[in-house]
Amino acid sequence: MAEPLIVTLDGPAGVGKSTLAKMLAKRLGLAFLDTGAMFRAVAWRLGKDSWTWPEERIADTLHGLRFGLAGAGEATQLLLDGRALGQEIRTEDVGMWASNVATLPVVRRFLKKAQQDLAASTSLVAEGRDMGSVVFPAARHKFFLDADPAERARRRFLQLQELGRPADLAELTAQIEARDRQDRTRAEAPLKPAPDALIVDTTDLDLEEVFEHILEAIITKAD
Ligand code: DC
């Protein structure tokens, strides 16, 4: 069997990674792996303030968790213990908890292994913070998306409005900046581009433009 193809898409909160990963997965016929959802699921399962627990207590809970993938393309579903994850992990609070547990080496070790195991037999678009730099350093195609925090907060605001979950723009901006700070400065696998990633500043680009840009880079390299 040929080696699975891996495309990595990294970047800060609210930059549009999930939407783009789904678009790419659909176009390229690959599964997609939302690794932020894995950190959110772990944070949600462990619960509030779990990041202050002793490492062994966290490790014990993690050992009982099994991640899986079902379906393909944009319809790929991430499973935890055989069940699809729902909207319960999508709140801003769980996003911050995820950022907190993501500073812990015991959690990062566990999820890195789970992510590599999922990609061992499945070609996929992997999106997160450290996909190109740490988890899949040998991936064939690596991208790092960025945008001004104010623009990312605006995008998240519109997305939440569409979901019927109105939010406060100033509060969203503060949350995004706090999460950025923590994700970029943590000791373990901080958010930063892999040396061989193509960096795309999306502040002034719409989704279609970013998608076309990435797709062209993949096709050019594959030729
Ligand atoms: O992409 P997201 O907003 O769903 O991610 C939630 C948090 O999970 C994010 O603030 C940091 C953490 N995370 C990480 O540390 N590494 C990843 N590969 C993905 C997410």
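Coordinate-derived values only; no laboratory data. Values in this document were obtained by computation on a predicted structure and should not be read as measured data. No Cβ is skipped: glycine too gets one built from the backbone with ideal geometry, and neighbour counts run over all protein chains shown.
A few notes on this one:
- Subset tally (residues that are among the charged types (D, E, K, R) and farther than 30 Å from T173 by Cα) for the stretch 59-108: 4
- Whichever residue in the stretch 59-100 is β-branched (V, I, T) and assigned to a helix (DSSP H, G or I) and, among such residues, is surrounded by the fewest Cβ atoms within 10 Å (Cβ to Cβ): T61
- Matching residues in the stretch 24-46 - criterion: being near the ligand (Cβ under 9 Å from one of its atoms) and basic (K, R): R40
- Residue ranges of helices (runs of 4 or more DSSP H) in the stretch 111-223 with at least 1 members touching a His at 6+ places or on another chain (Cβ under 8 Å) and surrounded by fewer than 19 Cβ atoms within 10 Å (Cβ to Cβ): 207-222
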